[in-house]
Amino acid sequence: MKKIIVLLFLVSLFSCEDNEVIIDSNNLLIGNWLDPVYDGEITTFKRGNSLPNEAYGISFNKSGNFIERTSGWCGTPPLSFFNINGTFELENTLVRISTESYPANYAWRIVSLTAEELVVKRELTAQEIEHRNLMDLFNEIQELSYSVPCSDANNWLFTAYGSKACGGPQGYIAYASTIDTNNFLNKIEAYTEAEKAFNIKWGIISDCSFTNVPVSVACINGLPTLKYQLN
């Protein structure tokens, strides 16, 4: 009976030790952060003793290694979680993170940090800011493309846009001959040149697949739809 009691005590002791959250008083960022709560650009984490198997979490190691436990961009159940490995650097309140996945480099600004809670705000890198500017310009192009309803396909044309890092256009977009076509095509040219410069500056890599050229534009439910030749 005494042996059983001693055994139970030892099991309980080691169990408590395994569940103990170790806090580095010299650097409170070190450790595992779980249960994110999102409020706009602000994310609040709670400290944990280990990364969860089936939930999001991040880990900062004293050696400078970073782990993100994630299910990726797809949020459709059943979720499959995996680790993204990387490194981090802490500069005052700025945490710079480099990973093996996109985005390869990004940063978080620490809003507050205690032994139990980490609150961060995403800081855009120069690359991300330039990419957003590209997307803003492309949104203007799309708004012009859809600024008039498509009722007669004979009034519609299409043109290539963008620049893949491996060469060639990103795709094709339809536009009506009734809009200010000079303005539209100038925006297309500006976007294409800007994306080409972006790819070179940041060393962007893309697939080298050939982008099919449409053969015509059709009007479907009031929207222009590019038609391609069937193989």
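Under 20 Å from a point 7 Å along the Cα-to-Cβ line of Asn182: which residues of segment 129-159 have their amide N that close?
141, 144-145, 157-159
Considering lysine pairs in the chain that are 8 or more places apart or on different chains, how many have Cα atoms under 25 Å apart?
Taking the Cα cut-off of 25 Å, the pair count is 10.
What do you get for Rg/Rh over segment 122-228 if you use C-alpha atoms and the Kirkwood form of Rh?
1.01
Using the basic label-point model (7 angstrom from Cα toward the beta carbon), what is the Lys121 to Ile30 distance in nanometres?
2.8 nm
Kindly provide the Kirkwood hydrodynamic radius of segment 27-77 in Å, to one decimal, from all pairs of distinct alpha carbon atoms.
Every distinct Cα pair counted, the radius reaches 11.9 Å.
Could you tell me which of Thr43, Ala174, Pro224 has its Cα farthest along the dipole of the chain towards the positive end, charges placed at Cβ (Lys, Arg +1; Asp, Glu -1), taken about the Cα centre?
Of Thr43, Ala174, Pro224, it is Thr43.
Averaging sequence separations of C-alpha pairs under 8 Å and six or more residues apart, then dividing by the length of the chain, give the relative contact order as a whole percent.
12 percent
Evaluate the Debye formula for the chain with equal point scatterers sitting on the alpha carbons, no solvent, and hand back log10 of I(q)/I(0) at q = 0.09 Å⁻¹, in q order, two decimals.
Debye intensities relative to I(0), on a log10 scale: -0.60.
Over the heavy atoms of Thr159, what accessible area does a 1.4 Å probe trace out, to the nearest 10 Å²?
30 Å²
Which value at 222 nm does the chain reach when only helices count, each DSSP H run of 4 or more adding -39,500 (n - 2.57), with the total divided by all residues and rounded to the nearest 500 deg cm²/dmol?
-9000 deg cm²/dmol
Considering only protein heavy atoms, with the full assembly of protein chains and a 1.4 angstrom probe, order Trp33, Trp108, Trp202 by accessible area, largest first.
Working: Trp33 0, Trp108 30, Trp202 85 Å².
Largest accessible area first, the residues go Trp202, Trp108, Trp33.
Projected onto the charge dipole of segment 84-228 (+1 at Lys/Arg Cβ, -1 at Asp/Glu Cβ, origin at the Cα centre), which of Ile200, Asn92, Ala104 gives the Cα projection farthest towards the positive end?
So the residue we want is Ile200.
Of the options Tyr56, Phe138, Phe82, report the single residue whose Cα projects farthest towards the positive end of the charge dipole of the chain (beta-carbon charges: Lys, Arg +1; Asp, Glu -1).
Phe82
Quick one, can you get me the convex hull of the C-alpha atoms of segment 112-155 expressed as volume per residue in Å³?
So the per-residue Cα hull volume is 122 Å³.
On the protein heavy atoms, probe 1.4 angstrom, tell me the percent of accessible surface of the chain carried by carbon and sulfur.
54 percent
The values are calculated or read from the model by the stated rules, or taken from the named source; none is laboratory data. The structure presented is a predicted model; accordingly, all values stated were derived computationally and were not measured. When we count neighbours, we look across all protein chains shown, and the Cβ atoms used for this are built from the backbone with ideal geometry, even at glycine. In case anyone asks, the SASA skips ligands and DNA or RNA and just uses the protein heavy atoms, side chains included. Shrake-Rupley method; radii C 1.70, N 1.55, O 1.52, S 1.80 Å.
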